[in-house]
Amino acid sequence: MTLIKSISGIRGTIGGYPGEGLNPIDIIKFTTAFVTLRRQKCGNKPLKIVVGRDGRISGASVSKIVCGTLQMCGVNVIDVKLSTTPTVELAVTYHNADGGIILTASHNPAEWNALKLLNENGEFISAEEGESLLKISDTEVFAFSPIDQLGSYQCDHQAIERHVGAILELPYVNKDAIEEKEFTVVFDSINSTGGMAIPVLLKELGVENFFGINEEPDGQFAHNPEPLPEHLSAIKEAVVKHHADVGFVVDPDVDRLAIVCEDGSLFGEEYTIVSIADYILSQKQGNTVSNLSSSMALKEVTEKHGGSYAASAVGEVNVVELMKKTNAVIGGEGNGGVILPELHYGRDALLGIALFLSQLAEEEVSVSGLRKRYPNYVISKNRITLDKNTDIDTLLKHVISSFDPGDIDTTDGVKIIFDEGWVHLRKSNTEPIIRVYAEAEDKEGADRLANQILSLIKKE
């Protein structure tokens, strides 16, 4: 059993003893700590918190515990039930709520679940708030409400429809052009809530010919839910079988988007944000942000349109913070996450689908043809496992000392800039490993850069 408490929330495998897995005791403790944190920000007024979940098998049970705990704390609960992460984020602001809790372990396998926490703006809580939350949780000094101050409970069954409606109101979404093209679309929603939300979106966009695989949101994941190439053979075959124009793949909570070309090849998850940013910047000049482990192709596209690019530490909350500082018009992460401030500051795969279909319709080009317009960079992802007694910080300092300081970025771990690409090293907070990502113009170049750094580490 595994339980990981971090500044971004609590996640773990279902079951086990308290403190060793995600179970009712820890769920109650963490939920109550979140209420305490929100009261510190919002005062003693009656709190209102939105709750939603993905399609995991454990989701209904975890939701009952969370909603019941919130009510026992005097919180008024709005339950959007089966939903998507971006839908819950938008529901927080729609209901003028004081926060939100999303029950999803994102791309983790079925035995995992998590509580992801939102502030009153429908955005993930900050690192500082997360640290405070962990301290509150550790004290276990919680106060519950008397009978006459219990919170209320109500369901919101229209959250997905409102979310889709907000997307269609964006000036960049060209429903007429999409409808005119009569696209055939295939999607893989990995047996979670994308199977509910994507059909609603496609119908509203005027797409009549679409086919879903792994569509039933029953949590029985048909494959590993992370949308990586090795997990996507079924949709690649389905796109070819149905002579589809495009295929879309989302993760269980629908904030990551991978794209499949009409010939069954992969567009590349790194290029979701690259392509969509190119489309947005063609209509609105401005800046962009992604994280340090994302492709440098976004920088090239941004500068082509006269904007400036900036890279944040890894993590959505860090991307959002830098987007606000730089007034970025669009941002995201190389894992297929698209963030458009005009809708909300959160990764949104439904938004990504609408924008990509609009781009495809207006450009009058195939998906594979669109992909050829962008720099063909390749990222090599590696990891090195170290002895548990290894001083990783000292090891990283040695790496830094081996290169010119002007080529080093220590915003998040260590990123080394080469003429032909980059290497990014990040240590894990939960196990003795260093993740080593490298990017170059081809796989051989990326592997060569990665192996150069791996060899340097192993010598120590």
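The values are calculated or read from the model by the stated rules, or taken from the named source; none is laboratory data. Quantities reported herein were computed from a predicted structural model and do not represent experimental measurements. Cβ: placed from backbone, ideal geometry, glycine included. Neighbour counts: every protein chain shown. Ligands, DNA and RNA are excluded from the accessible area calculation, which covers all protein heavy atoms including side chains. Shrake-Rupley method; radii C 1.70, N 1.55, O 1.52, S 1.80 Å.
What to note about this one:
- Accessible surface of the stretch 239-382 [probe 1.4 Å, protein heavy atoms]: carbon and sulfur percent: 45 percent
- Signed unit charges on C-beta, dipole axis of the chain, positive-most listed residue 4, 90, 80: 4
- Among beta bridges that DSSP assigns inside the stretch 38-144, antiparallel share in %, nearest 5: 30 percent
- Aspartates and glutamates with Cα under 13 Å of residue 241, excluding same-chain neighbours fewer than 8 positions away: 262, 263
- Farthest positive-ward along the stretch 132-209 dipole, Cα basis, beta-carbon charges - from 183, 193, 168: 193
- Gain upon complete extension [residue 152, residue 224; 0.36 nm per residue less C-alpha separation]: 22.2 nm
- Table column - 3J(HN,Hα) (Hz), the stretch 282-287, Karplus curve with 6.51, -1.76, 1.60, x for Gly and Pro: 6, 10, 8, 5, x, 9
- Extension reserve of the residue 60-residue 204 stretch, reckoned as 0.36 nm per residue once the Cα distance is removed: 49.0 nm
- Relative contact order (%) - criterion: Cα under 8 Å, at least six apart; region: the chain: 12 percent
- Helical contribution to [θ] at 222 nm, DSSP H n ≥ 4, -39,500 (n - 2.57), averaged over the chain, rounded to 500: -11500 deg cm²/dmol
- Long hydrophobic helices in the chain: the complete DSSP H runs spanning 20 Å or more by Cα along their own axis with mean Kyte-Doolittle hydropathy of at least 1.0 are 349-363.
- Annotation: amide H-H contacts under 5 Å for residue 51 (H modelled 1.01 Å from N, sequence separation of 5 or more, or interchain): 78, 79, 80, 101.
- Taking a point 7 Å from the Cα of residue 451 along the Cα-to-Cβ direction, the residues of the stretch 401-423 with backbone N closer than 18 Å to it are 420-423.
- Ranked by the mean number of other Cβ atoms within 10 Å of their residues, highest first, the peptides 18-31, 359-372, 148-161 fall in the order 18-31, 359-372, 148-161.
- Above-threshold pairs, the threshold being 23 Å between Cα atoms, out of 175/236; 299/324; 135/324; 381/459: 175/236; 135/324
- Each Lys and Arg contributes +1 and each Asp and Glu -1, all at the Cβ; summed about the Cα centre of the stretch 71-181, the dipole is approximately 220 debye.
- For the stretch 177-191, the Karplus equation 6.51 cos²θ - 1.76 cosθ + 1.60, evaluated at θ = phi - 60°, returns couplings of 5, 5, 4, 5, 6, 6, 4, 9, 10, 10, 9, 10, 9, 6, 6 Hz by residue, with Gly and Pro reported as x.
- Kirkwood hydrodynamic radius over Cα pairs of the chain, then Stokes diffusion coefficient at 20 °C and 1.002 mPa s, in µm²/s: 94 µm²/s
- Using heavy atoms of the protein chains and a probe of 1.4 Å, the accessible area assigned to residue 323 is about 0 Å².
- If R0 equals 56 Å, the separation of the Cβ atoms of residue 325 and residue 241 corresponds to a calculated FRET efficiency of about 0.75.
- Treating r as the C-beta distance of residue 144 and residue 364 and R0 as 51 Å, the FRET efficiency rounds to 0.25.
- Of all beta bridges that DSSP places with both ends in the chain, some 60 percent have antiparallel geometry.
- Computed over the stretch 247-341: relative contact order in percent, which uses C-alpha pairs under 8 Å that are six or more apart: 31 percent
- Peptides 59-66, 348-355, 300-307, 337-344 ranked from most to least packed by the mean count of surrounding Cβ atoms within 10 Å: 348-355, 337-344, 59-66, 300-307.
- Largest to smallest accessible area among 408, 101 [probe 1.4 Å]: 408, 101
- Accessible area per residue, Å², the stretch 301-458 with all protein chains present, probe 1.4 Å: 45 Å²
- Unit charges on C-beta of K, R, D, E only; dipole of the chain, Debye: 1180 debye
- Other-chain or far-sequence residues with amide H under 5 Å of residue 110's (modelled H): none
- Furthest towards positive pole of dipole, 302, 453, 32, structure part the chain, Cβ charges: 32
- A simple rule links phi to the HN-Hα coupling: the Karplus curve 6.51 cos²θ - 1.76 cosθ + 1.60 with θ = phi - 60°, which for the stretch 205-213 gives 7, x, 7, 9, 9, 9, 9, x, 10 Hz, with x for Gly and Pro.
- Amide H contacts under 5 Å for residue 10, placed H, 5+ residues apart: 115
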